[in-house]
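Below is one structure, written out as structure tokens, with a few remarks after it.
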Amino acid sequence: MKTIASILALLLLFQTSDVLAFNDGDPLLNRPADRTYDIILESGYLKVGVYENFPPYSYAVDGEPRGIDVEVGKRIAREMGVDFKVHWIVPDENLGDDLRNNVWKGHYLAKQRLADIMMRVPYDREYAYMQDSTGEYINEQVVLFGPYQQEQWQIAFNPGQLDSVDTVAVFQYHPIGVEIDTLPDFYLTSGLQGRMRDQVHHFANVREAFRAMRDGKVSAVMGMRAEIDHELSKSENSRFRAAGNGFPGIGRQVWDVGMAIKSNHRQLGYAVEAIMGELVKSGELDALFADLDLQYGLPGYYREFLSEEAIARAEGDL
């Protein structure tokens, strides 16, 4: 009887999975998989994919979406003349999984639960045209486009414990907090032939690392600049300072951040890219970051063709 019950349970599980793949009960999430530009305009809303619980980029406060990526998504929707709808992304093992689950294919339990556009995707040509062992393009199902921010690594430190951070070498002797399994984690634990490894303390996120710094458990925190800015803007962290050091050997100190769409939705991509270009070049994006107490980094993509005056306007200097 126990064996039969187990078999029935498995059958029910697979039946349930099939149902979920077809419809998970939310009409906004279970839209047609190929929502073209015209269909989006006709529907009256744009579904914007942002990472869940990822301040200051995207997170919820009392059930309401907040963060810089949410605000950028709202402005894109506004310029398109449609409503903004949030699509929360739970990160998988890697970016390729996130693109598959949220942009072009869908998760196997909810294949139609897709975003129209996905925010916070590295705008990287090498990644976009990466090939597998057979020569096939790994990301041929998506288009990476529309860079809107340049991100970089940053350290914040406690002046009560460190006079300055001119080099990461000081963390041979002073504890530093990082989010576990991130590039700062790997960089600090392996750098200087491993001499900093014992001083690296791991936390679930940058917010928890700052809490440890307030409690005197670490002297500094390393993360992405916007994450560091977000924490430094809080009154409880007002005594901490941003460091001005570089990160030799880290591979990439700065990188452009853009968006992704399904590869056959290029008309949508062209429209969104044009909107984003105006938001960047007008300085509106810089002002948006400033309103959220974040520093804006103009993507390197724009520096390749904008004049000095246009760059100054985009960075809020005109």
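Values as computed for the structure displayed
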quantity	calculated
Flag for residue 226 being surrounded by fewer than 17 Cβ atoms within 10 Å (Cβ to Cβ) and of a type in the set (Gly, Ala, Ser)	no
Matching residues, segment 119-156, being modelled with pLDDT of 80 or more, more than 20 Å from residue 264 (Cα to Cα) and of a type in the set (Asp, Glu)	126, 151
Filter result (surrounded by fewer than 24 Cβ atoms within 10 Å (Cβ to Cβ) and acidic (Asp, Glu)) within segment 113-133	124, 126, 132
Any helices (runs of 4 or more DSSP H) falling wholly within segment 167-286 and containing at least 2 residues that are free of Cβ contacts under 8 Å to residues at least 12 places away in the same chain, out of contact with any Gly (no Cβ under 7 Å at 6 or more places or on another chain) and assigned by TED's automatic domain parsing to the domain that holds residue 305	266-281
Count - residues of segment 243-276 that are more than 20 Å from residue 72 (Cα to Cα) and under 18 Å from the mean Cα position of the chain (by Cα)	3
Residue under evaluation residue 79, criteria (1) outside any helix (DSSP H, G or I); (2) out of contact with any Pro (no Cβ under 6 Å at 6 or more places or on another chain), criterion not met	(1)
Of all residues making up segment 287-302, the number that are outside any loop (DSSP other than H, G, I, E, B) and either surrounded by fewer than 14 Cβ atoms within 10 Å (Cβ to Cβ) or at positive phi (or both)	4
Subset of segment 180-197 [charged (D, E, K, R) and more than 25 Å from residue 237 (Cα to Cα)]	195, 197
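The values are calculated or read from the model by the stated rules, or taken from the named source; none is laboratory data. These figures come from a predicted structure and were not determined experimentally. Here the Cβ is made from the backbone with ideal geometry for all residues, glycine too, and neighbour counts use every protein chain on show.
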